[in-house]
Structures are given as structure tokens and as C-alpha cells.
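The values are calculated or read from the model by the stated rules, or taken from the named source; none is laboratory data. Values in this document were obtained by computation on a predicted structure and should not be read as measured data. As a convention, Cβ positions derive from the backbone with ideal geometry for all residues, glycine included, and neighbour counts pool all protein chains shown.
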Amino acid sequence: MPATFKTDETFRGAFNYRNSDEAILRFPFPFTEDSYMYSVNIEPHVRGGPTGAFQAVFDVDEHYVSECRERALVLSQDPNRCIVLPHMLAAEWDTLELIMESLAADYPDHFSLTRDGLQWRWINRPLGIDDTFVFGDPSSLPFPPFEYITRQAQGDFTLQDQREDNLFVDGGMVTTQADWSLEFDVGMSFHEWHGPVPVAHDLGVFDRALQFLLRIQHDHPVRRLNWTMTVNPRLDTSPENYPIWGPDRTTITPENVGEKLHLRVELQTLFRLPRSNAILFGVRAYLASLNELVRVPKWGRRLHRVLRDIHPSLAEYKGLPRYHQCAVNFLSEYDDGAVTSMGIAPDTNTLS
Amino acid sequence: MTLGRDIPLRIRAIEALSPSLKRIAFVAADGNPLPGSRPGAHIALTVPGIDGAHRNSYSLVGAHQDRTTYEVIVRRVAQSRGGSAQVHEALRVGDVLSASPPTSQFNLQNKAKKHLLIGGGIGITPFLSFLPVLRERNLAVEMHHFVRPDEVTVFERLLLPHRMPTMRIHAGRAVGIEDILKGQPLGTHLYICGPVGLMQDVEAAAYRLGWPTSNIHQESFGASGGRPFIVELARSGRKLQVGENQSLLEALEAAGLPVRSMCRGGACGECLTQVLAGEPEHRDHFLTAAEKSNGDRIMPCVSRSISPLLTIDI
């Protein structure tokens with residue numbers, strides 16, 4: 001649990017973002033071995049795991065307050081980053097209940113939920129919120145229930161309706177995304193919204209993943225890690241704003257790559273919601289610069305090997321080509337060829 | 001896939017609805033909020049009996065947003081495998097039973113243009129949790145419920161809080177299923193729950209009329225019992241008797257062979273088991289017609305054996 005929150009971070013403009021030593025050590029480094037290829041890398045989402053990022057149902061870290069402010073800023077400029085189709089109202093309440101219960105249980109010093117029948121009181125101390133409302137009555141909240149609670153959470157969320165043996169992305173709050181658009185995808189089926197992903201279709205990954213997801217049970221959430229790279233600590237790399245961040249890719253030089261280039265990891269979680277039978281998909285983004293990551297020797301070595309050997313189609317899809325070689329050159333300085341241990345744990349308690 | 005840990009439920013009230021129907025209300029014995037549930041969900045209740053515990057699935061009736069109460073309705077069946085007779089005769093207010101968290105394969109389809117509910121007898125129970133939700137969302141609904149002539153008033157009373165002009169209770173089977181299905185608008189979803197014979201008739205009629213599979217949904221309570229048979233466990237050579245009041249799954253569990261299971265009603269596919277010899281009698285809704293005629297797989301929660309000996313890969 002973070003003792004203090006950084007309240008002055010910005011994820012745009014002049015950028016003001018860095019990870020404390022604790023935040024680096026708890027980073028969900030995504031590579032379990034020295035190479036990377038798509039797989040159905042899904043595991044039960046239970047508390048406890050190789051780093052500190054896996055200790056809560058919804059991880060709250062030192063960037064919480066600043067990230068919530070960034071979300072509010074994106075929404076004020078583009079309200080359609082939060083869309084929920086009308087038939088998903090039950091799923092909205094399910095989401096509110098799940099996030100409130102989880103935050104209150106995992107971080108009792110920061111959040112509290114008191115229930116008297118359907119009369120609920122929600123206190124969010126870091127954001128200075130103290131609201132009393134009637135569960136099931138949207139008029140008792142200042143925002144629709146899904147928007148209300150996801151404005152108070154880090155990471156993006158989508159709601160999937162289950163029907164016709166398929167999943168449809170029928171809602172979401174998406175302000176910290178890696179170049180995909182909720183407004184474009186809303187209403188699509190599972191294979192439709194994954195259409196642009198290369199290679200994985202041929203591996204049958206999506207067919208198997210869908211069959212698995214259709215059978216997820218309440219109280220048995222699962223998680224996986226996904227990753228890409230982002231220039232600058234920018235959370236909102238959306239297609240809508242491509243003209244703003246796309247040109248950043250041309251700004252990487254051997255001098256600034258360690259500071260400017262960030263590994264962006266998504267801790268993705270999937271929850272079956274009890275009343276609606278919908279699936280809540282959480283996409284929690286973590287950013288760490290190469291300079292920060294190489295302070296863990298194992299991660300510096302491994303990131304070098306993964307990027308050096310990555311499949312060209314994946315590099316293309318993740319937008320790497322412009323700075324790929326520059327990043328590999330930089331990281332090679334931190335790879336002495338030593339054997340790395342399996343798994344993602346940092347294997348150290350202190351940073352170099 | 002496994003279900004969550006069992007939850008302890010205390011009986012808060014028992015109400016006799018008719019000589020063979022009882023409504024039982026449960027609260028959480030540990031004082032925690034109960035897991036939320038969706039319309040159509042059921043719990044698997046463990047009912048202690050003289051000849052060992054029985055585990056039966058019962059639909060939750062009615063929606064309880066505040067997560068304080070579960071309600072089920074149990075019919076005492078003539079050839080009870082023990083569960084329903086035990087529920088009717090032995091359970092008392094204050095008793096604590098163990099139950100699985102709610103789960104369901106019988107779900108309301110959010111984008112249906114119209115919801116057509118066809119049920120029979122005790123198959124009304126999942127519909128009792130559908131109806132308040134359908135009404136709250138102001139969706140197009142038509143319901144036909146088939147009951148024994150002597151039970152019309154019982155079911156009228158049960159449906160009284162949900163009355164709507166498009167709801168009909170039929171005494172016996174005088175009304176033709178095809179007549180009901182024929183006039184439905186495109187985009188209608190059909191939900192069937194009731195005795196096996198009725199469900200088969202409705203499903204067959206829907207296919208005859210060209211309904212798409214994706215618009216037909218059914219909930220089975222599992223046919224109870226049948227002719228006894230012997231199951232041979234190929235890996236150990238062990239032979240077990242499956243009694244006439246016992247499912248194959250229960251026989252395996254009783255012998256200390258916990259086959260993974262979830263719905264216990266032939267819908268979810270969790271207990272799928274390979275058949276090596278013998279002829280299965282398929283009663284599930286999970287295997288396709290082609291898979292059933294292959295005869296090399298069985299869902300032991302509901303299906304049995306036509307041949308006196310069935311050899312399975314356990």
C-alpha cells in the first residue's frame with residue numbers, strides 16, 4: 001500500500017513522471033523468459049505474485065491521484081472515451097460493487113464502503129470523496145455508476161456482454177490505451193475487435209482464449225500481462241490523438257532513449273460479473289523508462305534479449321521500428337550475457 | 001474450471017406451496033453478504049440423508065439486490081433420488097446447509113427483440129427470476145406454462161406478482177407448441193425449462209420451423225435416475241454399481257473419485273468423460289448430436305448407460 005501519493009504528475013505536455021525505487025521493484029515486468037511470443041498466458045488473478053503489483057484485486061500505487069486527474073482531463077476533452085450501451089446497466093452496478101468492495105478490502109486506510117441495505121456510503125480519502133447513494137438507483141450518483149467508479153480507478157476498463165457463444169465489447173472507460181479506440185470498437189465481437197493483431201489468429205490463440213473466457217466463473221478472476229513501448233510517459237496514446245503522440249516516435253536518439261523510451265505493461269484482469277453475466281476487463285497500464293528498468297540487472301539483460309530477437313510482425317504491430325535498433329543498442333550495454341532466472345521476479349531488493 | 005468454495009446457508013423460512021412444492025428461504029450462516037446472482041442462476045445444495053449426502057441443483061427464484069437472501073422452490077418427486085424427499089421431510093428452519101455459489105448456463109439474452117418463455121411444472125423456477133428483470137427493463141415477453149390440471153391454481157398463485165397480458169397457464173398439453181412458435185417475430189429468443197419430454201417437443205418444433213440454434217436456450221433439471229448399470233473404471237479395473245436413484249457422477253463421487261463438475265445438469269461440459277466401451281444414454285445438452293452418436297463421450301452428471309456395462313477412462 002502506498003504511504004504517499006504523488007499529486008503533481010503530468011502525462012502530457014512537459015511531462016512530470018518518475019517511479020520511486022519501490023515502484024520500480026514492484027513493476028509487473030512482463031517477460032518470463034528471454035524471448036517473447038504470443039500465448040494464452042492466462043493465470044488465476046489471486047493476491048500474491050512475483051512483484052508488488054499483484055497484491056490487490058485492483059492495484060493502487062503512488063501514481064493513483066495523478067492518474068485519476070489525467071483521466072478527468074481526457075474525459076473533459078473527449079467525453080466519448082466512456083461509452084456504455086443501454087443494455088449493460090446491470091453490469092455497471094456490478095462493476096461499481098466489485099471495485100468498491102475490492103478497494104475497501106485491500107486498502108482500508110484509503111477507502112471505505114458502508115452498506116445499510118441498498119443505502120451505501122463510499123469514502124475515497126485520496127480523492128476527497130464521501131458520497132451516500134442508493135445501490136441500483138443511477139439518479140443517486142453524480143455520474144452513471146460505471147463512469148462514477150472508473151473515474152476513481154487506475155487503468156482502463158471494458159464491459160463484455162456474453163451472448164451467441166461470443167463476447168461483445170458493449171461498454172468501456174478507455175483513456176490510457178495503447179492505440180485502440182473504444183468508440184470505434186464498441187459493439188464488436190471478440191474476433192472483430194482483435195482483428196488487427198498479427199500472427200496470433202493463425203496460432204489459434206483467439207479461438208482458445210474465447211472458449212476459456214466464456215467459461216470464467218464469478219469469484220474466479222484471471223489475469224495476463226501484455227506490453228508495448230511508449231515514447232514519453234504518456235498514458236493517452238489513443239488513435240483519436242495520434243497527431244499529438246505519433247510524431248514522438250521520431251524523437252528517440254541514442255542520447256535520450258534511456259529517459260524517453262518507456263516499457264508499457266498492461267496488467268489485464270478479467271472478472272465474471274454476478275448479476276449481469278458480463279465480463280469486466282481491466283487494463284491497468286504501468287510505465288517505466290529504460291533507465292529505470294535497467295536498475296534491475298535481470299530485467300536489463302532480459303529486455304535486451306527480447307527486443308533483439310522479437311518477431312518482425314510483432315515489432316511492427318507494437319510500433320517499434322523507428323526506434324527499435326536504438327533501444328537494442330542502448331540495452332546491449334546492460335547485457336553481460338549472464339544466465340537469467342525463469343519468471344519475472346526482480347531477484348533483488350535494492351536497485352543498482 | 002472450479003467453482004468457488006461452498007457457502008454455509010441457514011434456513012430462514014420454509015413455506016408449503018402445495019402438497020409437493022416447498023419454498024425455502026436461506027440467509028448466509030456466516031453473516032457475510034451472499035454472492036450476487038444473475039437471473040436464471042442455480043445453486044448446488046448439499047442435503048444430508050440417511051444414505052449419504054445428495055447434491056442437487058436448484059434455481060434461485062426472485063432477485064435480491066441486497067444479497068441477503070436466496071430462495072428456492074423444491075418439488076418432491078415420486079422417484080426421488082433422496083434429495084427432494086429429504087428436503088421436504090427432514091429440513092427445518094435454522095438448519096445450516098452447504099451450497100455452491102450461484103452459477104448459470106441459462107442466461108437472458110440482452111439483445112433479444114422478444115423473450116419467449118415456455119415452461120412446464122417446476123421448470124417455472126428460473127423464469128421466476130427472469131420475469132422481474134424483463135419487466136423492469138420493459139422488454140417484450142410472452143410466456144406459456146404447462147401444468148397438471150390439478151396444479152393450475154398453485155402456479156397461478158406463484159405467477160400472480162408477475163402477471164402480464166402475454167402470460168398463459170395451460171392445463172395439460174392441449175395447446176400446440178408449433179402454434180405458439182409460428183407467430184413469433186424475427187429476433188425472438190426462446191427459453192425452455194421443464195420436463196424432458198416437453199423440452200424435447202419444443203426444441204424439435206423450433207427446429208422444424210427453422211429457428212436458429214443461437215436463439216434456443218434450455219435449462220435441464222436432469223432426468224432423475226433410471227435403470228441401474230455397472231460402470232467399469234478402465235484405469236484401475238474397478239467396477240461400481242450405479243443405482244436407479246443415483247447419477248453416474250454421484251456413484252463416482254461416492255467411490256471417492258471426484259470428477260470435476262459444475263452445473264450437474266448436463267449443460268456446462270465440465271464433467272465430460274471419455275467412454276471406452278458400452279453404449280451411453282445421453283441426457284445432456286452439451287454434446288452435439290454428432291458427438292452423441294459417436295458414443296465415445298458422456299456427461300456423467302445426467303447421462304446413463306443403455307448397455308448393462310459402461311467402461312469409462314477414469
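Among the residues examined, B:Leu108 does not qualify as under 20 Å from A:Gln162 (Cβ atoms) and more than 13 Å from every other protein chain (Cβ to nearest Cβ).
For the subset of the range A:140-168 comprising residues that are hydrophobic (A, V, I, L, M, F, W, C) and farther than 21 Å from A:Pro233 by Cα, which member is surrounded by the fewest Cβ atoms within 10 Å (Cβ to Cβ)?
Taking the range A:140-168 and keeping what is hydrophobic (A, V, I, L, M, F, W, C), we get A:141, A:143, A:146, A:149, A:153, A:157, A:159, A:167-168.
Filter again for farther than 21 Å from A:Pro233 by Cα, leaving A:141, A:143, A:146, A:149, A:159, A:167-168.
Details: A:Leu141: 18, A:Phe143: 13, A:Phe146: 27, A:Ile149: 24, A:Leu159: 27, A:Leu167: 25, A:Phe168: 23.
Here the answer is A:Phe143.
Taking the numbered list (1) over 15 Å from the mean Cα position of the chain (by Cα); (2) hydrophobic (A, V, I, L, M, F, W, C); (3) at pLDDT below 90 in turn, B:Val77 passes all entries but (1). When each of A:Gly171, A:Gly282 is tested for being in contact with a Ser or Thr (Cβ under 7 Å, 6 or more places away or on another chain), within 14 Å of another protein chain (Cβ to nearest Cβ), buried (at least 20 other Cβ atoms within 10 Å of the Cβ) and not in a loop (DSSP other than H, G, I, E, B), the lone residue that passes is A:Gly171.
Taking the criterion of being at pLDDT 90 or above and in contact with a Leu (Cβ under 6 Å, 6 or more places away or on another chain), would at least one residue in the range A:190-211 satisfy it? Yes.
Give the residues of the range A:222-247 that are within 21 Å of A:Cys326 (Cβ to Cβ) and surrounded by fewer than 17 Cβ atoms within 10 Å (Cβ to Cβ), sorted by residue number. Please lay out each step first, then the result.
Taking the range A:222-247 and keeping what is within 21 Å of A:Cys326 (Cβ to Cβ), we get A:227-234, A:237, A:245-247.
Residues satisfying the conditions are A:Gly246, A:Pro247.
Residue pairs whose Cβ atoms lie under 6 Å apart, sitting 6 or more positions apart in sequence or on different chains, and linking a residue in the range A:205-220 that is within 10 Å of chain B (Cβ to nearest Cβ) to a partner that is crowded, with 17+ Cβ neighbours inside 10 Å and of a type in the set (Phe, Trp, Tyr), do not occur here. Taking the listed residues B:Gly172, B:Gly119, the one that is in contact (Cβ under 8 Å) with a residue 12 or more places away in the chain, closer than 24 Å to B:Gly226 by Cβ and among the small types (Gly, Ala, Ser) is B:Gly119, with no other qualifying.
Considering A:Ile83, A:Ile24, the condition of being assigned to a strand (DSSP E or B) and surrounded by 15 or more Cβ atoms within 10 Å (Cβ to Cβ) is satisfied by A:Ile83 alone. Evaluate the range A:99-112: report whether one residue or more is more than 14 Å from chain B (Cβ to nearest Cβ), surrounded by 15 or more Cβ atoms within 10 Å (Cβ to Cβ), of a type in the set (Phe, Trp, Tyr) and in a helix (DSSP H, G or I). Looking for residues that are more than 14 Å from chain B (Cβ to nearest Cβ), surrounded by 15 or more Cβ atoms within 10 Å (Cβ to Cβ), of a type in the set (Phe, Trp, Tyr) and in a helix (DSSP H, G or I), one finds none in the range A:99-112, hence no.
Can you find even one residue in the range A:46-53 that is of a type outside the set (D, E, K, R) and assigned to a helix (DSSP H, G or I)?
First, pick out the residues of the range A:46-53 that are of a type outside the set (D, E, K, R): A:46, A:48-53.
With assigned to a helix (DSSP H, G or I) added as a condition, the list becomes A:52-53.
Within the range A:46-53 (the criterion being of a type outside the set (D, E, K, R) and assigned to a helix (DSSP H, G or I)), the answer is yes, since at least one residue qualifies.
Conditions (1) under 29 Å from A:Pro196 (Cα atoms); (2) within 26 Å of the chain's Cα centre (by Cα), marked per residue:
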{"residue": "A:Arg305", "(1), (2)": "yes, yes"}
{"residue": "A:His311", "(1), (2)": "yes, yes"}
{"residue": "A:Leu320", "(1), (2)": "yes, yes"}
{"residue": "A:His324", "(1), (2)": "yes, yes"}
{"residue": "A:Asp335", "(1), (2)": "no, no"}
{"residue": "A:Ser341", "(1), (2)": "no, yes"}
{"residue": "A:Ala345", "(1), (2)": "no, yes"}
{"residue": "A:Thr350", "(1), (2)": "no, yes"}
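Of all residues in the range A:248-258, those satisfying the criterion of being surrounded by fewer than 16 Cβ atoms within 10 Å (Cβ to Cβ), in contact (Cβ under 8 Å) with a residue 40 or more places away in the chain and part of a loop (DSSP other than H, G, I, E, B) are A:Thr253, A:Pro254. Per this entry, B:Leu60 is counted among residues that are within 14 Å of chain A (Cβ to nearest Cβ) and crowded, with 16+ Cβ neighbours inside 10 Å.
For every residue, the table says whether it meets (1) in contact (Cβ under 8 Å) with a residue 12 or more places away in the chain; (2) over 30 Å from B:Ala267 (Cβ atoms); (3) among the hydroxyl-bearing types (Ser, Thr, Tyr); (4) in contact with a Gly (Cβ under 7 Å, 6 or more places away or on another chain).
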residue	(1), (2), (3), (4)
A:Ile149	yes, yes, no, no
A:Asp161	yes, no, no, no
A:Gly171	yes, no, no, no
A:Pro196	yes, yes, no, no
A:Thr230	yes, yes, yes, no
A:Pro233	yes, yes, no, no
A:Pro243	no, yes, no, no
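Among the candidates A:Asp109, A:Asp61, A:Asp78, A:Asp131, single out the residue that is over 25 Å from A:Val265 (Cα atoms), modelled with pLDDT of 95 or more and out of contact with any strand residue (DSSP E or B) (no Cβ under 6 Å at 6 or more places or on another chain). Of the residues listed, the single one that is over 25 Å from A:Val265 (Cα atoms), modelled with pLDDT of 95 or more and out of contact with any strand residue (DSSP E or B) (no Cβ under 6 Å at 6 or more places or on another chain) is A:Asp109.
All conditions but one from (1) within 14 Å of chain B (Cβ to nearest Cβ); (2) touching a strand residue (DSSP E or B) at 6+ places or on another chain (Cβ under 9 Å) apply to A:Thr230; the one that does not is (1). Taking A:Pro86, is it closer than 20 Å to A:Pro145 by Cα, out of contact with any Ser or Thr (no Cβ under 8 Å at 6 or more places or on another chain) and without any contact (Cβ under 8 Å) to a residue 24 or more places away in the chain? Yes, satisfied. Report yes if B:Ala99 is within 24 Å of B:Ala204 (Cβ to Cβ), touching a residue at least 40 places away in the same chain (Cβ under 8 Å), touching a strand residue (DSSP E or B) at 6+ places or on another chain (Cβ under 6 Å) and among the aliphatic types (A, V, I, L, M), otherwise no. Judged against the criteria, B:Ala99 is not a match.
Might you let me know whether the range B:191-201 holds any residue that is within 14 Å of chain A (Cβ to nearest Cβ), at pLDDT 95 or above and farther than 19 Å from B:Ile43 by Cα? Write out each step before concluding.
The initial filter retains those residues of the range B:191-201 that are within 14 Å of chain A (Cβ to nearest Cβ), namely B:191.
With the extra rule that they be at pLDDT 95 or above, the set shrinks to B:191.
Now narrow it down to the ones that are farther than 19 Å from B:Ile43 by Cα: B:191.
Among the residues of the range B:191-201, at least one is within 14 Å of chain A (Cβ to nearest Cβ), at pLDDT 95 or above and farther than 19 Å from B:Ile43 by Cα, which makes the answer yes.
All of (1) among the charged types (D, E, K, R); (2) over 24 Å from A:Ser20 (Cβ atoms); (3) in contact with a Phe, Trp or Tyr (Cβ under 8 Å, 6 or more places away or on another chain) hold for A:Arg302 with one exception: (2).
A single entry from B:Ala44, B:Ala85, B:Ala16 fulfils the requirement of being assigned to a strand (DSSP E or B), at pLDDT below 90 and in contact with a Lys or Arg (Cβ under 9 Å, 6 or more places away or on another chain): B:Ala44.
Take B:Asn32 and tell me if it is within 14 Å of chain A (Cβ to nearest Cβ) and either without any contact (Cβ under 8 Å) to a residue 40 or more places away in the chain or in a strand (DSSP E or B) (or both).
Details: within 14 Å of chain A (Cβ to nearest Cβ): yes; either without any contact (Cβ under 8 Å) to a residue 40 or more places away in the chain or in a strand (DSSP E or B) (or both): yes.
The answer is yes for B:Asn32.
Only a single item in (1) within 19 Å of the chain's Cα centre (by Cα); (2) modelled with pLDDT of 90 or more is not met by B:Arg238, and it is number (1). Being surrounded by 15 or more Cβ atoms within 10 Å (Cβ to Cβ) and charged (D, E, K, R) narrows it down to one of A:Glu92, A:Glu43, so name that one. Criteria check complete, one pass: A:Glu92.
Yes/no matrix, rows are residues, columns are (1) without any contact (Cβ under 8 Å) to a residue 60 or more places away in the chain; (2) more than 14 Å from every other protein chain (Cβ to nearest Cβ); (3) buried (at least 21 other Cβ atoms within 10 Å of the Cβ):
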residue	(1), (2), (3)
B:Met262	no, no, yes
B:Ala267	no, no, yes
B:Gln274	yes, yes, no
B:Met299	yes, yes, yes
